[in-house]
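One structure is given below, encoded as structure tokens.
Values quoted throughout were computed directly from the atomic coordinates according to the rules given, and no laboratory measurement underlies them. Note that the coordinates shown come from a computational prediction; the quantities given were computed from them, not determined experimentally. Using ideal geometry, Cβ is built from the backbone for each residue, glycine included, and neighbour counts are taken over all protein chains shown.
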Amino acid sequence: MRWYEASFDCCLMASIVIFGCVSAGAQSAPPTHDRPWTSPFEQQIRTQNQSVALPKFTVDPNKAYSLPELVDLAQQHNPETRFAWERAKAQAAALGIAKSELYPVLGAIVSGEADRSGLLFDTSYVRQTTTTSELAVELNYTILDFGRRSARIRQEAAKLVATDFGFNDTHRKVIYQVEQAYYRVLSTTAQQQAAEANLANAKAVQEAAQDRLDHGLATRPDLLEAQSATAQAQFDLQSAMGAKETARGDLAAAIGTSASVEVNIEPITSLTTPDSLADSAEQLIDRALQQRPDLLQQVANLRAQEAATKEARAAYYPKLSAGVLAGQQYLYGFQEQFPATDTSLFAGSAALTLNWTIFDGGARRSAVAQAEANTRATTAQINSTRNQIADEVWRAYSNVKTAFRQREAATALLQSAQESYNAALEAYNYGVRNLLDVTNAQRVLAQARSTDITARTQVLTTLAELAFRTGDLLHAGAKPGKP
């Protein structure tokens with residue numbers, strides 16, 4: 001072994017041993033199952049976590065954002081769209097790598113070697129020193145591979161299409177997430193207003209009970225009953241306010257900012273809702289099966305699996321490749337008792353290589369069987385997804401029809417409850433009805449207000465879900481070419 005090779009090997013071994021010791025101390029499983037894991041590297045990870053750049057954008061506190069404006073903010077700033085975009089870009093790079101196999105590989109080689117050894121000459125050894133340095137260019141090219149490279153290119157191209165559909169599906173989900181949060185804010189805001197009105201009604205009943213008690217026309221239990229109703233209305237108001245704050249946090253998170261940021265939105269009165277659906281359930285299902293990006297993503301994955309099968313079958317055939325190496329060599333030699341000598345020359349080589357695997361223990365046969373099974377599995381998955389999409393659209397369609405009918409019933413219920421409460425309170429003031437009748441009418445009115453709000457927002461929510469299930473949300477809110 002040459003002295004410099006021995007020295008290099010010793011240094012390499014020492015480096016491997018040191019690196020192994022450091023890695024073993026840095027990465028290990030928790031020592032026990034009953035205690036949380038701690039490590040001196042935990043602080044490094046925490047520090048790195050703090051250094052990760054967070055996307056920042058400003059929400060105008062004085063602006064009331066419409067739903068399309070909120071969707072636009074989410075498509076630009078929600079991390080999910082950025083993640084899906086970068087994945088698509090990575091897959092595009094993978095396709096570029098696959099296409100590069102169609103071209104030759106050209107590389108430059110610079111090498112140097114020094115050798116000192118003893119050469120037996122007659123009955124003694126003569127020390128000999130030689131050095132070689134070389135500057136060369138190497139060209140390698142696959143001439144024929146019976147479709148391996150083209151199959152890989154088709155596979156990566158299909159994966160890119162699938163990733164792009166996944167990117168679109170991410171936008172579909174983000175848009176739906178924003179709409180859900182937006183309608184929850186509208187609903188909870190209206191519920192809070194209804195709770196405030198219920199509290200005002202409860203206080204009016206309590207004041208009426210107090211006035212009748214002061215004039216000897218009511219009893220102490222009547223007043224206590226009214227006070228209990230007021231306390232319940234106050235509790236319901238606080239619950240509605242908490243639900244509203246939670247919904248606002250969900251909306252802020254959906255558009256990609258901190259949940260603590262307050263986002264003002266347009267009131268529910270600015271929205272218009274249809275009274276019926278223009279399309280039948282069959283038309284909606286057909287449209288969903290044509291445009292749902294998650295289904296199209298699976299179809300693109302099927303094309304990738306088919307290309308993978310062709311690549312696996314091509315492995316049965318040989319591969320022909322060519323290689324050329326050409327460069328300038330510089331040689332120097334010295335032996336004791338003789339003068340040194342040196343020279344330079346142009347050297348090169350060319351070769352054709354035919355590789356053909358004759359026996360591999362069934363690896364190629366298993367690879368083909370695996371690829372074909374994956375193709376059949378993807379086909380079955382597509383059929384399952386189609387059935388699932390049809391069921392989702394049908395359910396969403398039925399929910400919209402139900403929401404329309406519930407809205408009509410809730411409107412009538414609210415009108416009736418309001419008239420009943422007004423009549424009960426007026427009759428109580430004249431001493432015709434008792435307080436239990438008034439508090440009961442008040443509870444019915446409070447429930448009717450809540451039901452009316454729920455029914456109105458339920459129409460918007462179910463319409464959004466139907467658009468989500470059919471894929472129409474994507475056409476309404478997506479922005480081509482931007483994350």
Using a Förster distance of 35 angstrom, determine the FRET efficiency expected from the C-beta separation of Ile358 and Asp391, and round it to 0.05. 0.10
Please give the contour-minus-distance gain from Ala373 to Gln50: 0.36 nm per residue of separation, less the Cα-Cα distance, rounded to one decimal in nm. 111.8 nm
For Ala322, placing the label point 7 angstrom along Cα-to-beta-carbon and taking region 350-371, residues whose amide nitrogen sits under 12 Å are 350-353
Note, region 429-438: 3J(HN,Hα) by Karplus (6.51, -1.76, 1.60, θ = phi - 60°), whole Hz, Gly/Pro = x, goes 5, 8, x, 7, 10, 8, 5, 4, 5, 5
Note the direction-averaged projected area, equal to a quarter of the hull surface, for the Cα convex hull of region 346-392, in nm². 7.3 nm²
Mean 1/r over distinct Cα pairs of region 286-369, inverted to a Kirkwood Rh in Å, yields 19.1 Å
Hydrodynamic radius by Kirkwood, which averages 1/r over all alpha carbon pairs of region 120-170, in angstrom: 17.2 Å
Send over the Kirkwood Rh of region 40-198, from the inverse of the averaged 1/r over different Cα pairs, rounded to one decimal Å. 23.4 Å
Which value, in debye to the nearest 20, describes the size of the charge dipole of the chain about its Cα centre when Lys and Arg Cβ atoms bear +1, Asp and Glu Cβ atoms bear -1, and nothing else is charged? 920 debye
Cα gyration tensor of the chain - equivalent ellipsoid semi-axes, whole Å, descending: 78, 32, 19
dims of region 233-277, Cα set, principal axes, largest to smallest, nearest Å -> 35, 35, 17
With angles folded into 0 to 90 degrees, how steeply does helix 293-314 sit against the dominant principal axis of the chain? Use alpha carbons for both and round to 10. 20 degrees
Can you give me the angle between helix 148-214 and the longest principal axis of the chain, using Cα atoms only, in degrees from 0 to 90, rounded to the nearest 10? 20 degrees
Just want the answer: with Cβ charges of +1 for Lys and Arg and -1 for Asp and Glu, which residue in Ala314, Gln193, Val52 is farthest toward the dipole's positive end in the chain? Ala314
Cα to Cα, under 29 Å, and not fewer than 8 places away if on the same chain: which lysines meet these conditions relative to Lys159? Lys89, Lys99, Lys173, Lys310, Lys319, Lys479, Lys482
With Cβ to Cβ distances under 12 Å as the rule, what net charge do the other residues near Ala326 carry (K, R +1; D, E -1)? -2
What does the helix-only formula give at 222 nm for the chain: each DSSP H stretch with n ≥ 4 adding -39500 (n - 2.57), the total divided by the residues, and the result rounded to the nearest 500 deg cm²/dmol? -23000 deg cm²/dmol
Given Cβ charges of +1 for Lys and Arg and -1 for Asp and Glu, the option among Gly166, Val71, Ala204 whose Cα lies farthest towards the positive end of the dipole of the chain is Gly166
Alpha carbon Rg of region 338-435, scaled by the compact-globule rule 2.2 N^0.38 Å: 3.34
What does the charge dipole of region 258-332 about its Cα centre add up to, to the nearest 20 debye, if the Cβ of each Lys and Arg holds +1 and the Cβ of each Asp and Glu holds -1? 860 debye
Along its principal axes, what span do the Cα atoms of region 218-337 show, with the longest given first and each in whole Å? 131, 61, 29
Given region 57-99, report the % of alpha carbon pairs whose separation exceeds 17 Å. 51 percent
Note: region 81-171 at 4 °C, 1.567 mPa s; Kirkwood Rh on alpha carbon pairs; Stokes-Einstein D in µm²/s works out to 72 µm²/s
Under a Cβ-only charge scheme (Lys and Arg +1, Asp and Glu -1), can you give me the dipole magnitude of region 184-322 about the Cα centre, in debye to the nearest 20? 960 debye
Does anyone have the angle between helix 3-26 and the longest principal axis of the chain? Alpha-carbon axes, 0 to 90°, nearest 10? 20 degrees
Return the Cα extents of region 175-253 along principal axes one, two and three, sorted largest first, each rounded to a whole Å. 61, 13, 12
Among Ala278, Gln290, Asn374, whose Cα sits farthest toward the positive end of the charge dipole of the chain (+1 at Cβ of Lys/Arg, -1 at Cβ of Asp/Glu, about the Cα centre)? Asn374
What is the gain in length, in nm to one decimal, between Phe235 and Glu207 on full extension, counting 0.36 nm per residue of separation less the C-alpha to C-alpha distance? 8.2 nm
For region 439-452, take each phi angle, set θ = phi - 60°, evaluate the Karplus expression 6.51 cos²θ - 1.76 cosθ + 1.60, and give the result in whole Hz per residue in order, putting x for glycine and proline. 5, 5, 5, 5, 5, 5, 5, 4, 5, 5, 4, 4, 5, 5
